[in-house]
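The values are calculated or read from the model by the stated rules, or taken from the named source; none is laboratory data. Remember, it's a predicted structure, so these values are computed and weren't measured experimentally. Every residue, glycine as well, gets a Cβ built from its backbone with ideal geometry; the counts of neighbours run over all protein chains shown. Side chains included, ligands, DNA and RNA excluded: accessible areas come from the protein's heavy atoms. Shrake-Rupley method; radii C 1.70, N 1.55, O 1.52, S 1.80 Å.
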Amino acid sequence: MRKLTPTLRPLALAAATLCLSVQAQTAPAGGTLSEVTVAADAVGSFTSSNVQVGAFRDQDPLDVPLTNNVLTREVLDAQGTNTLHGALRNTAGVTHAQIGNSTYDNIAIRGILVENRGNYRLNGSLPIINLIDTPLENKERVEVLKGASSLYYGLVPPSGVVNFVTKRAGSTPVTSLATSVNNHGGVDAHVDIGRRFGEDDSMGLRLNAVAGKQEAGIRNYDGDRQLVSAAYDWKVNRRFTLKADVEHYRKDVSEQAAITVPTVGGVAVVPPVPDNKTNLAGSWQRYNAEATNYLLRGDVVLSDDWSLVLETGRAETVRDRRYSSFAFSNLATGDGNLTILFNNGNRFVNNNQRVEVTGRLRTGAVEHELTAGYTQNERWAYSGTTGSSATVAQNYYQPVDIAPIDRVIATTGSISSINDKGVYVFDRMVLSPRWQVMAGLRASDYTSATTTTRYTASKVSPNASVMFKPRADTTLYASYLEGLEETGVVSNVYFNAGEILPPAVNKQYELGLKTRAWNKVLAQAALFQIERPQTTEVSSGGTPATSRIVGGLTRYRGLELSASGEISPRFAMVGSALLMDPEIVQVGTSNAAELGKTPENTPRQTLSLFGEYRLQDVSGLSFNAGAYHVGERPVNNRNQAYVPSYTTYSLGARYRTRWDGHKVTLQANIDNLTDKDYWLAAGGTLLSTGAPRTLRVAAKFDL
């Protein structure tokens, strides 16, 4: 397998970090330790007063007429999480899809996949490629904007946009060293440095570096990961500000095998969930990936009321993969075969540009906040070179070690491209202190091409919202949005194989309430309906007997609730709930059995609750606990079988103090407290298990 970058030595770096931290706290050569002072420092908040995503950048969440959730740095730190799913489990409707979490988190929201090349954004703009774990150590927070987002982001599914906001240098210098270890032998080290400099502190630089040995507690698994990043900003003068972000990260780990849903008499069944440490693949079956993201932004103040934003960015991910899936030949005995695919040089590139003007003007008694812009997103993909697949015997109940297999990687892959351009205009009309109306249009120009086919489409997508504020801390809203999403290329099993299907038009309706009426806790409630066209099968009149077309429709109706913030000076919480009635309401002639059923991997309810209590009698000490529930989910659109619901629990403690004048945080967190065996992911005829109980102990030193 091709080595993407030199492997760092994470254990040595972790040890060095810890030694440096201890040395920094010791006294001069008299042998006496410096005095330890117990003092509570100001802590961050579990809620946020603004969002940085879509057309609502820098807006108060109360002024966003859509469901949105913000996972702040304080929440991420309290939970001790550094993974995407670890953050998003705090938001309603989030589930894993198809694969486990040994390589990256493949996420669905409200049962709809979050597309890995378009729905993940860096600083509200650049579409990064979620085919490798996105590090959170250099992120200030993670935001989720639920539902259709095509006005600002072009052709993306209506699951929502996940936005990563990077840390930047503030007025207080930052120098922190952190290290952690888990009970499976995983270890990492993290360095975070932030400074402002130049005349009047006009420039800022935030540097982050991470190295770690990966151990997840599952059989035949090991690996390592690294991150280096820089966030730079420069206030050139009072009218021009420049921001730049660069991050490079890699991960080289064993990939856990997925399990194909077995069938008995042509009907899907769910096998007994295996022990959560099970891995039917060999440790040599690697997932070796690296990603590099660049983002440059310039903000120009044109006048007191108007400003210009210029953005350009590039995201690139490349991976080598030895992916495997297990298929039963005998469900009773567990006998079956492990099919292994060999792929090198799979490459994805996103180039993104945006020009945007924002400003204010008044027409009579109405104040307008206008946004107009042009965006172009070019996505390029190369499927990589492959070797012939291998099939080896394996047993589900009594796994055996799989000997390493070599394959000649010779077959050249294919190239595909997407060019998604759009012009948009958005007007927030303030009619009075209580009433606002928002309206927007996006004209999209879309081209999708492979080596043999090409498809173009043009479409105008509207959105409109009305907001009423009965009081300054409360908003009632109603919104309607239309969005576009790609529907893909027809696979070889259909009569119209290779055809690029036209984009689907999604429609979304939402009624909501947002308030900070109680102790500044942000509470949200929303009723929503999403109508999403689907691909379906119809009779072709030829061979093969069916064609794939855009002709189905799935409807998602639900009630979503969330709350986050400080209930009191001692207690903070973040919680969410989703109650949903999803239904396939239109199908093709060959999919009649799916009519009226629930879409695969879609739970009717999810619940999450996490809270932290900060002790009054022991300054700096806090305890936290969480519960995360996902309801049962069908394994296919025919609802022939369901994976059971599950609930996992977390427990943790933090102790913040000062040692020789420096802040020190000692922390322990346990995930999957009861060591539950459960199906984490379903969909696409695949199943994957959740991770075993994991204890993580960490120390952070602010120098």
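Could you tell me which of the residues Ser458, Ser491, Ser417 is outside any loop (DSSP other than H, G, I, E, B), closer than 30 Å to Arg286 by Cα, open to solvent by 20 Å² or more (accessible area, probe 1.4 Å) and of a type outside the set (A, V, I, L, M, F, W, C)?
Working: Ser458 fails: closer than 30 Å to Arg286 by Cα; Ser491 fails: outside any loop (DSSP other than H, G, I, E, B).
From the options Ser458, Ser491, Ser417, the qualifying one is Ser417.
Of everything in the stretch 337-358, what is open to solvent by less than 40 Å² (accessible area, probe 1.4 Å) and either at pLDDT below 95 or farther than 26 Å from Asp245 by Cα (or both)? Give them in sequence order.
Passing the criteria: Leu338, Ile340, Phe342, Asn343, Asn344.
Scan (1) surrounded by fewer than 23 Cβ atoms within 10 Å (Cβ to Cβ); (2) assigned to a loop (DSSP other than H, G, I, E, B) for the single condition Pro158 breaks and write down its number.
Only one criterion in (1) surrounded by fewer than 23 Cβ atoms within 10 Å (Cβ to Cβ); (2) assigned to a loop (DSSP other than H, G, I, E, B) is unmet by Pro158, namely (1).
Quick check on this structure: which one of Ala244, Ala291 is among the small types (Gly, Ala, Ser), in a strand (DSSP E or B) and surrounded by fewer than 19 Cβ atoms within 10 Å (Cβ to Cβ)?
Numbers: Ala291 fails: surrounded by fewer than 19 Cβ atoms within 10 Å (Cβ to Cβ).
Among Ala244, Ala291, only Ala244 is among the small types (Gly, Ala, Ser), in a strand (DSSP E or B) and surrounded by fewer than 19 Cβ atoms within 10 Å (Cβ to Cβ).
How many residues does the stretch 495-525 hold that are open to solvent by 10 Å² or more (accessible area, probe 1.4 Å) and more than 26 Å from Tyr556 (Cβ to Cβ)?
10
Look at the stretch 120-139 and say how many of its residues are more than 26 Å from Gly223 (Cα to Cα) and either among the charged types (D, E, K, R) or open to solvent by 10 Å² or more (accessible area, probe 1.4 Å) (or both).
Selection size over the stretch 120-139: 2.
Out of all the residues in the stretch 359-402, which are open to solvent by less than 70 Å² (accessible area, probe 1.4 Å) and in contact with a His (Cβ under 9 Å, 6 or more places away or on another chain)?
Within the stretch 359-402, Gly359, Leu361 qualify.
Please specify each residue of the stretch 318-330 satisfying the condition of being open to solvent by 30 Å² or more (accessible area, probe 1.4 Å), touching a Phe, Trp or Tyr at 6+ places or on another chain (Cβ under 8 Å) and of a type in the set (A, V, I, L, M, F, W, C).
Within the stretch 318-330, the first condition is being open to solvent by 30 Å² or more (accessible area, probe 1.4 Å), and the residues that meet it are 321, 323, 327-330.
Filter once more, keeping what is touching a Phe, Trp or Tyr at 6+ places or on another chain (Cβ under 8 Å): 321, 323, 328.
Scanning the stretch 318-330 gives a single hit, Phe328.
Could you check how many residues of the stretch 494-529 are within 30 Å of Ser414 (Cβ to Cβ) and in a loop (DSSP other than H, G, I, E, B)?
So the first thing to find is which residues in the stretch 494-529 are within 30 Å of Ser414 (Cβ to Cβ), and the list is 494-506.
When the remaining residues are screened for being in a loop (DSSP other than H, G, I, E, B), the result is 494-499, 501-503.
Looking only at that region, the number is 9.
Quick one: how many residues across the stretch 217-235 are under 28 Å from Asn276 (Cα atoms) and open to solvent by 30 Å² or more (accessible area, probe 1.4 Å)?
Total satisfying the criteria: 3.
Considering each of Ile128, Ile107 in turn, give the residue that is in contact with a strand residue (DSSP E or B) (Cβ under 7 Å, 6 or more places away or on another chain), of a type in the set (Val, Ile, Thr) and touching a residue at least 60 places away in the same chain (Cβ under 8 Å). Break it down into steps so the answer makes sense when it comes.
Numbers: Ile107 fails: touching a residue at least 60 places away in the same chain (Cβ under 8 Å).
After ruling out the rest, the residue left standing is Ile128.
All but one of (1) open to solvent by less than 10 Å² (accessible area, probe 1.4 Å); (2) at pLDDT below 95; (3) assigned to a loop (DSSP other than H, G, I, E, B) hold for Leu145; which doesn't?
Answer for Leu145: the failing condition is (3).
Do we find that Ser465 is more than 26 Å from the chain's Cα centre (by Cα), crowded, with 20+ Cβ neighbours inside 10 Å and on the phi < 0 side of the Ramachandran plot in this structure?
On the way: more than 26 Å from the chain's Cα centre (by Cα): yes; crowded, with 20+ Cβ neighbours inside 10 Å: yes; on the phi < 0 side of the Ramachandran plot: yes.
So Ser465 passes the test.
Kindly indicate which of Val181, Val165 is of a type in the set (A, V, I, L, M, F, W, C), at pLDDT 95 or above and closer than 22 Å to Phe701 by Cα. Steps first, please.
On the way: Val165 fails: closer than 22 Å to Phe701 by Cα.
Just a single option satisfies the conditions, and that option is Val181.
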